[in-house]
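Just below is one structure, and these are the notes that go with it.
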Amino acid sequence: MKTFSQTSSPEGLLGARVEILDAEARTVAVVSAIEARRQLLPHRTVAVLLQDGEGRFLLRKQLTGRGGRKHWDVTTRSQVWQGESVRDAAVRSVEESLGLRAERLRLGFTLAPGQEHGNEVVHIFVGNAASVMDMANSDSGTFFRAEDVRYLIREFRELVAPRFIVLMDLTGLLQRTGLRP
């Protein structure tokens with residue numbers, strides 16, 4: 001298990017605005033990111049999962065929910081700001097969270113708005129984590145094999161972010177073998 005140090009900045013800046021979407025994913029309004037999340041309005045978000053050369057997933061311990069506890073989650077996630085493309089949001093999210101320029105991110109899945117994942121249109125990107133392999137060790141991130149993540153979810157579900165579990169269930173990402181960025 002390789003780990004890295006976290007150099008993340010806070011997500012969800014107070015002045016950030018997001019586009020609210022209709023059923024055909026057209027922009028119908030623009031509101032603050034905080035308000036969109038509070039009201040569960042349909043808007044775009046990105047989730048980025050990085051993998052190393054052996055296909056292991058880089059998961060990070062992130063604050064989730066109101067309990068103030070950290071849970072294992074995707075490498076990074078962010079809302080898509082007004083006028084920003086989903087790819088640019090994914091690149092920004094990696095830069096803000098890891099201090100790295102994301103290379104070779106590819107869109108793996110797009111999930112339609114759903115109650116189980118905050119009524120967000122979630123764009124899941126998969127990328128190569130080779131550039132984080134040499135970072136200093138810490139407890140904030142670890143590379144896991146797919147079978148280890150499945151075990152973690154099955155046996156230690158309380159340690160995993162609920163939204164991560166939903167994303168994995170809806171996409172079947174952990175069941176796919178040989179998935180490479």
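Miscellaneous remarks
- When the stretch 93-112 is filtered for residues that are buried (at least 19 other Cβ atoms within 10 Å of the Cβ) and over 12 Å from the mean Cα position of the chain (by Cα), the ones remaining, listed by number, are 98, 102, 105.
- Residue in the stretch 81-92 that is buried (at least 17 other Cβ atoms within 10 Å of the Cβ), in contact with a Ser or Thr (Cβ under 9 Å, 6 or more places away or on another chain) and over 23 Å from residue 31 (Cα atoms) present: no
- Apart from one condition, residue 4 fits all of (1) surrounded by fewer than 20 Cβ atoms within 10 Å (Cβ to Cβ); (2) at pLDDT below 90; (3) hydrophobic (A, V, I, L, M, F, W, C); the exception is (1).
- Filtering the stretch 146-176 to residues that are under 15 Å from the mean Cα position of the chain (by Cα) and not in a helix (DSSP H, G or I) leaves 160, 161.
- Residue list for the stretch 45-56, restricted to those being farther than 8 Å from residue 129 by Cβ and in a strand (DSSP E or B): 45, 46, 47, 48, 49
- Flag if residue 31 is of a type in the set (A, V, I, L, M, F, W, C), surrounded by fewer than 22 Cβ atoms within 10 Å (Cβ to Cβ) and at pLDDT 95 or above: yes
- Residues of the stretch 113-123 classified as surrounded by fewer than 22 Cβ atoms within 10 Å (Cβ to Cβ) and among the β-branched types (Val, Ile, Thr), total: 1
- Scanning the stretch 57-88 for residues that are in contact with a strand residue (DSSP E or B) (Cβ under 8 Å, 6 or more places away or on another chain), part of a helix (DSSP H, G or I) and of a type outside the set (Val, Ile, Thr) turns up just one, 87.
- Residue check, residue 94 at pLDDT 90 or above and in contact with a Gly (Cβ under 9 Å, 6 or more places away or on another chain): yes
The values are calculated or read from the model by the stated rules, or taken from the named source; none is laboratory data. Worth saying up front: this structure is predicted, and the values here are computed from it rather than measured. Virtual Cβ from ideal backbone geometry, glycine too; neighbours counted across all protein chains shown.
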